[in-house]
Amino acid sequence: MLVAAALAIFVSMSLMLVRAFAGPTTYDRLLSVNSFGSKTVLLIGVMGFANGRPDFLDIAIVYALINFVTTIGILKFFRYRTLEVSLSTRRRAVADASGERPDA
Amino acid sequence: MEWTAPLLADPSLLFGAALLVMLAAILCAIVVSRKLLTSVALTGLFTLVAALWYIAMDAPDVAFTEAVVGGGVSTLILLGSILLTRESAEPVSPSRMVFPAIAVILAGVAILYAVGSIPGFGDPASPANASVGRDYLERTYKEVGIPNVVSAVLASYRGFDTLGETTVVFAAAVGVMLLLGFGERALGDPARRHEALNPDLVEEIDHHVVLRVATKIMIPLMFLFGLYVLFHGEVGAGGGFQAGVILAIALIVHALVFGLSETMRAFPAAAMRAGASAGVLIYAGVGVINMLNGGAFLDYDFLFPPPLEQALSGPDGHAGQHYGIIAIEIGVTATVASGITAIFYGFAGRAPDIASRGASRGPESGGGS
Amino acid sequence: MLEQAASIAAFVGQGLVLAGAIVTIIGSVGVLRFPDFYTRIHAASVTDTLGAGLIIVGLVLLGGGFFVTVKLLIIWGLILITGPTASHALANAAFTSHVKPLGRGDLRQPSASDEG
Amino acid sequence: MIDALATGYVYAIIVAMMMASLFVLLTTGNLIRKMIGLSLFQTTAGLFYIALSKVGGGTAPIIIDAESAVGQARAARLDPAYVEHFGVDGVVYGNPLPHVLILTAIVVGVATLSVGLAIAVRVREAYGDTELDAVRRADAAASEPEPPGPRGRPNA
């Protein structure tokens, strides 16, 4: 039963990969990478219980944090073309960063 | 006792096989991808799934390190470097791909030929697993007294090598500082330079309130979790390196959301430099204390003079080992956390230099000054 | 009596985990098939909220000791914090960079400027 | 034959991935993409080592006593003769030594990756581009006898 659930999550992760490769706009790719990461968190939990050794959930916590940070990093890279400027004050973003750079 | 392959009956082998196929798929996508942003995001995914595969292969410590270091730090550093260089690689003409392809195929065939003779996958009777591996599994609890054999070997049996590894992280931080500076230029007015960097800016509407509030909730949790990983390293998966990187990532996410200048006011680059060197000092200092007490360098049984050793040690009598390992893990955490933060400061703080010197960047400008 | 309760809990737990996994698949099928970006975000967040919730409650029922349960609840809290935040950041960034939601009329892909 | 095939697939896929990342490394002029190929190559090498360390039916090398719930659950999956012969105190563990090796390799890998990327950034500033052909041309142009143009002086 748990192995079936783990394989189901695995299938949904591969569907996310398909969206990541096919996604027209970069935002689709970013969304699927983020969703892929949050599914790995669940897969670790189910895999741990399926293997009968459930006490490695620290790695799942780390995954949740890393997934969040990486999404923010890539998003900030893509929207503001700099890692250094803060998001909190009024910040002017790159105009044509819609989906795909027209010239890229 | 002959061991026969369970033919995927064991769930972990089933997961391992499925994850390997996914790894291969991601790698094919990386090979064909041309935009560097796509390559970096896929590399992050690759290390994420590789860490999952490590969990299936019963290697939680390695999975922890791969997830934290491979998924988090290398993705962010690659992003920083792409910002400072160009955003898509030039397409390589197929004619120039022929020779590398042949070389790669020949190397692959050679390795596969050699791999044919090594023991089967998962074979417990293989020389590595049966003799040396088991020897450490049996001796560790008696000699070092901590359950996590990987941490015991890393910190106690092979402590000198881990000292070298910590020094490598310190040297890398120094190297990046020398190459890219300390990032203190970001303390000036980043907004004005940001506009100079991107002439085609448009009015921004949101102040990212949700992001700021969520990050304010997350950062203390990440610090707490980093310390938990540090002190939990003997019992469960974790240890100095993983804890150091988690603390560094907590700082990096603060810099991403609240701006590098804000973070550098709270954690100045000078503190990062001091932390990196202090970590190596703590590590080597513990070794010297052992020598003062008559033991070998980094032999924690001599960490405490005999009367103190008896007083402190619990039933299994390894107080020196316990405290010694925790002490050097603290040293490793200090070095790794401040080293990786210093590296991020270097990369993130470098963007304004290029703009101020007029060297244009980004794909549309192509060749530079 | 206790073992009976434990076996019921284990059975219910496994059922919940399977249900959560199925919801996860539904969510990712949604991400694949929805026409434009904003509907896909909704589909992706289905897995984050319902899928994760079911799976984690199922795993808690399966029971692995006190620490495992605490870690599971921490993970659930983290997912509930980071999931919506990341979706919000994504949607906001897409909206402010003029990625147009699909109008009622045109059911084809969004305008050419957004094609990859 | 079936036995070799049943377990040989792991090594075959990992070696194929190693060669694919080597291909990424070799067939690009861009320095950043070369660094990506290098770090992928390092990750696949780690995969290979951990594949060697996997013991059939074993668990993570963190000592648990055989009588605990987890220990008994794992022992129940394997036949007792196997556990008695290959297990340590009644529990079969994976081999911990490759884990230590790869744990170190990953951390050192990121350290070298960051220094390599820093050098790539300085190459970009000095020669204006990170494509090796352009850098080679710029370097050749810079070493002409007439005084070289003011290249991006790396400031102090």
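Computed values, structure above
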item	result
Scan of segment D:81-119 for residues that are closer than 30 Å to B:L36 by Cα and either touching a strand residue (DSSP E or B) at 6+ places or on another chain (Cβ under 8 Å) or polar (S, T, N, Q) (or both), ordered by number	D:T104, D:T112, D:S114
Residue in segment C:68-81 that is among the charged types (D, E, K, R), part of a helix (DSSP H, G or I) and modelled with pLDDT of 85 or more present	yes
Of all residues making up segment A:7-24, the number that are at pLDDT 90 or above and more than 7 Å from chain C (Cβ to nearest Cβ)	5
Single unsatisfied condition, C:G20 versus (1) facing chain A (nearest Cβ under 10 Å); (2) touching a residue at least 60 places away in the same chain (Cβ under 8 Å)	(2)
Qualifying residues in segment C:1-44 (those that are surrounded by 23 or more Cβ atoms within 10 Å (Cβ to Cβ) and of a type in the set (S, T, N, Q)) - the one farthest from C:K71 (Cα to Cα)	C:S28
Long-range neighbours under 9 Å by Cβ, at least six apart or interchain, first residue in the same structural domain as B:V32 (by TED's automatic domain parsing) and modelled with pLDDT of 90 or more within segment B:98-120, second surrounded by fewer than 11 Cβ atoms within 10 Å (Cβ to Cβ) and not in a helix (DSSP H, G or I)	none
Helices (runs of 4 or more DSSP H) wholly inside segment D:1-102 that include at least 2 residues being facing chain B (nearest Cβ under 7 Å)	D:2-26, D:31-53, D:80-86
Segment D:103-114 - residue that is crowded, with 19+ Cβ neighbours inside 10 Å, closer than 19 Å to B:A342 by Cβ and of a type in the set (A, V, I, L, M) and, of those, nearest to the other protein chains (Cβ to nearest Cβ)	D:A111
Of all residues in segment C:63-97 being of a type in the set (A, V, I, L, M) and more than 7 Å from chain A (Cβ to nearest Cβ), the one that is farthest from B:I217 (Cα to Cα)	C:A91
Checklist (1) over 23 Å from B:A17 (Cβ atoms); (2) buried (at least 24 other Cβ atoms within 10 Å of the Cβ); (3) of a type outside the set (A, V, I, L, M, F, W, C); (4) more than 14 Å from the chain's Cα centre (by Cα) applied to A:G45, failing item	(1)
Only one of B:E90, B:E143, B:E165, B:E138 that is more than 9 Å from every other protein chain (Cβ to nearest Cβ) and within 30 Å of the chain's Cα centre (by Cα)	B:E143
Index of the failed condition, A:V11 passing every other in (1) touching a residue at least 60 places away in the same chain (Cβ under 8 Å); (2) surrounded by fewer than 24 Cβ atoms within 10 Å (Cβ to Cβ)	(1)
Residue within segment B:67-86 that is among the small types (G, A, S), surrounded by 24 or more Cβ atoms within 10 Å (Cβ to Cβ) and under 16 Å from D:A60 (Cα atoms) present	no
Where B:I102 falls short, out of the listed (1) in contact with a strand residue (DSSP E or B) (Cβ under 6 Å, 6 or more places away or on another chain); (2) more than 8 Å from chain D (Cβ to nearest Cβ)	(1)
Subset of segment A:25-42 (residues that are at the interface with chain C (Cβ under 7 Å from one of its Cβ atoms) and either crowded, with 24+ Cβ neighbours inside 10 Å or modelled with pLDDT of 85 or more (or both))	A:Y27, A:D28, A:L30, A:L31, A:S32, A:N34, A:S35, A:S38, A:K39, A:V41, A:L42
Boolean, B:P124 is part of a loop (DSSP other than H, G, I, E, B), surrounded by 19 or more Cβ atoms within 10 Å (Cβ to Cβ) and not assigned by TED's automatic domain parsing to the domain that holds B:A319	yes
Hits in segment C:52-67 - residues which are modelled with pLDDT under 90 and in contact with a Ser or Thr (Cβ under 8 Å, 6 or more places away or on another chain)	C:G63
Positions within segment A:44-81 being outside any helix (DSSP H, G or I) and at the interface with chain C (Cβ under 8 Å from one of its Cβ atoms), in sequence order	A:P54, A:D55, A:L57
Segment A:9-25, residues that are part of a helix (DSSP H, G or I) and more than 19 Å from B:L48 (Cβ to Cβ)	A:A22
Tabulated pairs, segment D:135-152, first at pLDDT 65 or above, second of a type in the set (G, A, S) and not in a loop (DSSP other than H, G, I, E, B), C-beta under 8 angstrom, 6+ apart or interchain	none
Selection status of B:V69, facing chain D (nearest Cβ under 9 Å), of a type outside the set (S, T, N, Q), within 30 Å of B:E234 (Cβ to Cβ) and within 22 Å of the chain's Cα centre (by Cα)	yes
Residues within segment B:121-140 that are in contact (Cβ under 8 Å) with a residue 60 or more places away in the chain and within 21 Å of B:S313 (Cα to Cα), tallied	0
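For (1) surrounded by fewer than 24 Cβ atoms within 10 Å (Cβ to Cβ); (2) aromatic (F, W, Y); (3) in contact (Cβ under 8 Å) with a residue 40 or more places away in the chain; (4) not in a helix (DSSP H, G or I), each residue gets a yes or a no:
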{"residue": "B:V245", "(1), (2), (3), (4)": "no, no, yes, no"}
{"residue": "B:L251", "(1), (2), (3), (4)": "yes, no, yes, no"}
{"residue": "B:M272", "(1), (2), (3), (4)": "no, no, yes, no"}
{"residue": "B:S277", "(1), (2), (3), (4)": "yes, no, yes, no"}
{"residue": "B:V280", "(1), (2), (3), (4)": "yes, no, yes, no"}
{"residue": "B:A284", "(1), (2), (3), (4)": "yes, no, yes, no"}
{"residue": "B:N290", "(1), (2), (3), (4)": "yes, no, no, no"}
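The values are calculated or read from the model by the stated rules, or taken from the named source; none is laboratory data. If you're wondering where the values come from, they're calculated on a predicted model, not measured in any experiment. Please note: Cβ atoms are built from the backbone with ideal geometry, for glycine as well, and neighbour counts cover all protein chains shown.
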